[in-house]
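Student: Can you keep this structure in mind? I'll have questions shortly.
Each reported figure results from applying straightforward, stated rules to the coordinates on display, with no laboratory input. The shown structure was predicted, so the numbers you read here are calculated from the model rather than taken from an experiment. As a convention, Cβ positions derive from the backbone with ideal geometry for all residues, glycine included, and neighbour counts pool all protein chains shown.
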Amino acid sequence: MRKPLIAGNWKMNKTIAEARALAGGIVRGLADSPGVAEKVDIVLGPPYLSLSAVAEATAGAPVGVAGQDCSAEAGGPFTGEVSVPMLKDAGATHVILGHSERRELLSEGDARVAAKAAAASAGGLIPIVCIGEPITTREAGTTLDRIGFQLEHSVFSVFTNTPAELVIAYEPVWAIGTGKTATPAQAQEVHAYIRKRLGEAFGVDWAGNSRILYGGSMKPGNAAELLVQPDIDGGLIGGASLAEADFLEIIRIAAGG
Ligand code: PGA
């Protein structure tokens, strides 16, 4: 019932020429895999500087483009920031928000993530809001409490009305870029909890139609066992999204083989 969504988070990688080449390779790979793009939604998340090039390289193809962050402000004296209208102008359809690298390295808190999510949604971008627990939380057995807190303060606090479309990415911090992956059962438990909370906040029908992505060392070798879980609706993929063949393989797996 839910179409899987496979999103690449390129982080601070790829020059403009490299980004154009990778996006073009993915578009050609999809064209060589008939039927796959009808079964899976695909989004590429390059650095800001490459957004236009990736949007051009994917024009006419069933591929969305995501910024990796945005400002909550529409414009003005905010040195170094990029607004939602600017992202849209460059061709973005989505924006990744609250990634743990921004939360940890740049002290981005839930309230700021919430403000950005509201601005993105109001401005016509689909927010992909990242949440996830550090290893200490998992070891303490309080993962669901932590996830619930982040949902409340990064999402529910700003959306008094049900958002048109919003994607949650569950990314256990200890699994990002480490080669460690949550087991399918660990991930499914958290995803089911997220869907339950989304249902309480926005209605069971809305929650049932919304995608919850898993992120954290997803690759061709483990994608199938994760994606087969009933509440895992796709992936937010870092390392493996930088390799054309790996990313295309994960898309094919999400399409059902
Ligand atoms: P990873 O990154 O796939 O390299 O673990 C995922 C992410 O940070 O979104």
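Student: Got a sec? Which residues in the stretch 212-254 would a label at ALA201 touch, if it sits 7 Å along Cα→Cβ and we count backbone N under 14 Å?
Tutor: 212-213
Student: Between ALA122 and ALA164, what is the label-point separation in nm under the 7 Å Cα-to-beta-carbon projection?
Tutor: 1.4 nm
Student: Related question: Which whole-number percentage describes the relative contact order of the stretch 201-257, with Cα contacts under 8 Å and a sequence gap of 6 or more?
Tutor: So the answer I get is 37 percent.
Student: Which of the helices in the chain meet the span-like rule: DSSP H, Cα axial reach of 30 Å or more, Kyte-Doolittle mean at least 0.5?
Tutor: The qualifying helices: there are none.
Student: Continuing with this model, one more query. Charges only on Cβ, +1 for Lys and Arg, -1 for Asp and Glu: so what's the dipole of the stretch 183-253 about the Cα centre, in debye to the nearest 20?
Tutor: The dipole of the stretch 183-253 has a size of about 120 debye.
Student: What is the order of HIS99, HIS153, fewest Cβ neighbours within 10 Å to most?
Tutor: HIS153, HIS99
Student: Would you kindly state the longest site-free stretch of the chain, with sites defined as GluC sites (Glu not before Pro) in a DSSP loop (not H, G, I, E, B) surrounded by at most 14 other Cβ atoms within 10 Å?
Tutor: Between the exposed loop sites, the longest stretch runs 166-257.
Student: So what is the 222 nm mean residue ellipticity for the chain from helices alone, if each DSSP H run of at least 4 adds -39500 (n - 2.57) and you divide by all residues, rounding to the nearest 500 deg cm²/dmol?
Tutor: -12500 deg cm²/dmol
Student: So, with +1 on the Cβ of K and R and -1 on the Cβ of D and E, and no other charges, what is the size of the charge dipole of the chain about its Cα centre, to the nearest 20 debye?
Tutor: So the dipole magnitude of the chain works out to roughly 180 debye.
Student: Continuing with this model, one more query. Which value in nm describes the separation of the simple spin-label points at ALA192 and LEU106, placed 7 Å from the Cα toward the beta carbon?
Tutor: 3.6 nm
Student: List the trypsin sites (Lys or Arg not before Pro) within the stretch 127-205 that fall in a DSSP loop (any state other than H, G, I, E or B) and whose Cβ has at most 14 other Cβ atoms within 10 Å.
Tutor: The qualifying sites are LYS180.
Student: What residues of the stretch 1-31 lie in the reach of a label at ASN209, counting those whose backbone N is under 17 Å from a point 7 Å from the Cα along Cα→Cβ?
Tutor: 1-5
Student: So for the chain, taking the charge dipole from beta-carbon charges (+1 Lys/Arg, -1 Asp/Glu), which of ILE212, ALA59, GLY80 sits furthest toward the positive end?
Tutor: ALA59
Student: A follow-up question, please. At 7 Å along the Cα-to-beta-carbon direction for both MET12 and GLU56, put a label point, then send me their distance in nm to one decimal.
Tutor: 2.6 nm
Student: With +1 assigned to the C-beta of every Lys and Arg and -1 to the C-beta of every Asp and Glu, and no other charges, what is the dipole magnitude of the stretch 44-194 about the Cα centre in debye, to the nearest 20?
Tutor: 80 debye
Student: Contact order normalised by length for the stretch 11-163, with contacts defined as Cα pairs under 8 Å and 6 or more residues apart; what percent is it?
Tutor: Once normalised by length, the contact order is 18 percent.
Student: Share of antiparallel DSSP beta bridges in the stretch 94-211, in percent to the nearest 5?
Tutor: 0 percent
Student: Still on this structure, please answer the following. Rounded to the nearest Å, what's the spacing between the alpha carbon centres of the stretch 217-255 and the stretch 47-81? Just the number, please.
Tutor: Going from one Cα centre to the other spans 23 Å.
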